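Visitor: Structure in structure tokens, see below.
The values are calculated or read from the model by the stated rules, or taken from the named source; none is laboratory data. All values derive from a computational prediction rather than experimental measurement. Neighbour counts run over all protein chains shown; Cβ positions are idealised from the backbone, glycine included.
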Amino acid sequence: KLTRHELPVVFDPENQRYLLTNCSFKELAERIESIFGYSLIPQNSKITKRHYTGEIKINQNINMAIGKFLEIHRHKFVISGKEVRMQ
């Protein structure tokens, strides 16, 4: 019997985007850093305990990429240098 496993992060080369499905904060942070070079800095433990679903397009800016994920969870963020401080 075969079972289907969802991968938390899948790259779609045709559309130049990453699709994230119920991925951990750590996975989101690693992806943002590898694509954009920014570190995600959580300001409280609630942020690190959440799971995130959405897409990250390679050609979008960091504000658009991280804004979509945080808007869903009603978090705010501030960019300082190469850090994204998540509140």
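Visitor: Output the number of residues of the stretch 56-66 satisfying the condition of being surrounded by fewer than 16 Cβ atoms within 10 Å (Cβ to Cβ) and either in a loop (DSSP other than H, G, I, E, B) or of a type outside the set (S, T, N, Q) (or both).
Guide: Going through the stretch 56-66 one residue at a time, the tally reaches 5.
Visitor: Ok, one more. Filter the stretch 67-87 down to the residues that are in a helix (DSSP H, G or I) and not small (Gly, Ala, Ser) and list them by number.
Guide: Correct list: Lys68, Phe69, Leu70, Glu71, Ile72.
Visitor: Suppose we filter the stretch 2-49 for residues that are at pLDDT 90 or above and in a loop (DSSP other than H, G, I, E, B); how many remain?
Guide: Residues that pass the stated criteria total 7.
Visitor: Next up: For the structure I just gave you, tell me whether Glu55 is at negative phi and free of Cβ contacts under 8 Å to residues at least 24 places away in the same chain.
Guide: no
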